[in-house]
Amino acid sequence: MPKPVDYLFTPFRLGRLQLPNRIVMAPMTRSFSPGHVPGANVGAYYRRRAEGGVGLILSEGVSPNTVTATGTPDVPNIATPEAKEGWRKVAAGVKAAGGIMGIQLWHEGPYRNPAKSEFPDVPSWSASGLKVPGKPLWAPMTEKEIEAAIEEFVAGAAAAKDLGFDCVEFHGAHSYLIDSFFWDQTNLRTDQWGGGWEGRTRFACEIIRRTRKKVGADFPLLIRLSQWKQQDFAAKAAPTPEEFERWLAPLVEAGIDAIHCSQRRFWEPAFEGSDLNVAGWAKKLTGKPTISVGSVGLSGEFTATYSGEISQPASLDRLIDMMERGDFDLIAVGRALLQDPEWVQKVREGRMSALKEFSRDAIATLY
Ligand SMILES: Cc1cc2nc3c(=O)[nH]c(=O)nc-3n(C[C@H](O)[C@H](O)[C@H](O)COP(=O)(O)O)c2cc1C
């Protein structure tokens, strides 16, 4: 018999937001926004998840500027009047369905491919010009560029609030711009933006601090972090709990409200000698609300999906055990919710046999 799922459906208070349950839709790039403007199809996709009972919807990664933030066609931004208008309608649709939604701000940094972008002559931004450790591709960001990038994140967050969204998540994971500052293998700077954790977190902290000033004390700000890097799944940006604490403390001090810890398999322990996962440690070390993620309800992890592996529906028992004992507060669900807007309802009603397998074909459709 599967374990009762009641715990997943207990409410949670995230700052001023009263979330009806513990299930968060993970941010997932969909590339269905021609001209970087989200249209009615994108609005309907998010609204379906609101109608389906998702506790907190996080948007796909959204660019805070129009030039350096993305090289990916059809990824939405939140910088042009057209894109802002599109997002205003998305927010209104989700709200009308009783949903709660945040925008994830995503600057691809060194993972933007200039050749594929509309601005092939503009170099990509990152802490030290590195996409992969040891192989510089571009010049390190200048002070002026760092200042511009910070202000663009702040403007994106303020726009998200003005357009009717309930919170903002800064994408600080997966080797993108903010993460290029966090990781000592891709941040070789010797100025105030590099060095120890205090320097390497400064870029994120400036974004958080200045955004906080703009959006006020009660607008929730989240940050997504990952130990793993795109080119190195085994990487541990913080090799010990002590180092992890030195990573997190400045972010908390700067005013972050919740920490979203990206893992590919939520049950994997973060450090030897404890079975807490990354979100478990983040909660223990900071006392802040944390979100975990990774292969919830599916047999295989998400990067394998891209190489064609088909994931089968999987038991939620282990997740419920970890949440009941208080390891972390919220759980993000990616692919299962990408594919099935009714996933939450089915879980709630115990209709496990109605849950579907996941194949990469699902990524090609927006429903
Ligand atoms: C199609 C797709 C797009 C994704 N895009 C993003 C993104 O824009 N931002 C982000 O932080 N993570 C992104 N991810 C990672 C997911 O948020 C999530 O962490 C990952 O899929 C693991 O959760 P899952 O096993 O439930 O799918 C993406 C994943 C998928 C499958």
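The values are calculated or read from the model by the stated rules, or taken from the named source; none is laboratory data. Bear in mind that the values here come from a model prediction, so they are computed numbers and not experimental data. So basically every Cβ, Gly included, is an ideal-geometry build from the backbone, and we count neighbours across all protein chains shown. Protein only, heavy atoms only, side chains kept; ligands, DNA and RNA dropped before computing areas. Shrake-Rupley method; radii C 1.70, N 1.55, O 1.52, S 1.80 Å.
So what is the 222 nm mean residue ellipticity for the chain from helices alone, if each DSSP H run of at least 4 adds -39500 (n - 2.57) and you divide by all residues, rounding to the nearest 500 deg cm²/dmol? Numbers along the way, then the final one.
Numbers: 12 runs with 119 residues, N = 367.
Result for the chain, helices only: -9500 deg cm²/dmol.
Packing, taken as the mean count of other beta carbons within 10 Å per residue, orders the peptides 229-235, 152-158 from highest to lowest as 152-158, 229-235. Remark: the stretch 55-70, residue by residue, has Karplus-estimated 3J(HN,Hα) of x, 9, 9, 9, 5, 4, x, 10, 6, x, 9, 9, 10, 8, 6, 8 Hz, where x stands for each Gly or Pro and the curve is 6.51 cos²θ - 1.76 cosθ + 1.60 at θ = phi - 60°. Only Cα pairs under 8 Å and 6+ residues apart enter the sum, and on that basis the relative contact order of the chain stands at 16 percent. Rounded to the nearest 10 square angstrom, Arg224 shows an accessible area of 20 square angstrom against a 1.4 Å probe.
Heavy-atom accessible area, probed at 1.4 angstrom with all protein chains present, ranks Ile310, Ile208 as Ile310, Ile208, highest first.
Restricting to Cα pairs below 8 Å that are 6+ residues apart, what does the relative contact order work out to for the stretch 1-155? Please round to a whole percent.
21 percent
Rounded to whole numbers, the Karplus 3J(HN,Hα) couplings from phi for the stretch 115-125 are 4, 8, 8, 6, 10, x, 8, 8, x, 7, 9 Hz, using 6.51 cos²θ - 1.76 cosθ + 1.60 with θ = phi - 60°, and x at Gly and Pro. Placing unit charges on the Cβ atoms only, positive for Lys and Arg and negative for Asp and Glu, gives the chain a dipole magnitude near 580 debye about its Cα centre. For the stretch 6-364, a Kirkwood radius taken over Cα pairs fed into Stokes-Einstein (4 °C, viscosity 1.567 mPa s) yields D = 64 µm²/s. With contacts defined as alpha carbon pairs under 8 Å and 6 or more residues apart, what's the relative contact order of the stretch 248-339 in percent? 29 percent.
Surface composition of the chain: carbon plus sulfur atoms hold 52% of the accessible area, using a 1.4 angstrom probe and ignoring ligands, DNA and RNA. Projecting the Cα atoms of Val37, Ser262, Gln192 onto the charge dipole of the stretch 6-364, computed from C-beta unit charges around the Cα centre, puts Val37 farthest toward the positive end. In a fully extended conformation the segment linking Ser359 and Thr190 would gain 56.4 nm over its present Cα-Cα distance, using 0.36 nm per residue. Solvent exposure of the chain amounts to 39 Å² per residue of accessible area, where only protein heavy atoms count and the probe is 1.4 Å. Amide H to amide H distances under 5 Å link Gln104 with Ser59, Val62, Glu169, where only residues 5 or more positions off or on other chains count and H is placed in the peptide plane.
Tell me, in nm to one decimal, what length is gained between Lys116 and Met1 on full extension, where the rule is 0.36 nm per residue of separation less the Cα-Cα distance? Provide the component values of the computation, followed by the final result.
Working: separation 115, 0.36 × 115 = 41.40 nm, distance 5.01 nm.
Full extension from Lys116 to Met1 adds 36.4 nm.
I'd like the projected area of the stretch 1-147, averaged over all directions, using the convex hull of its alpha carbons. Report it in nm² with one decimal.
Result: a mean projected hull area of 12.1 nm².
In this structure Tyr306 has an accessible area near 140 Å², from a 1.4 Å probe over the protein heavy atoms.
Ligands, DNA and RNA aside, Thr286 has an accessible area near 40 Å² when probed at 1.4 Å.
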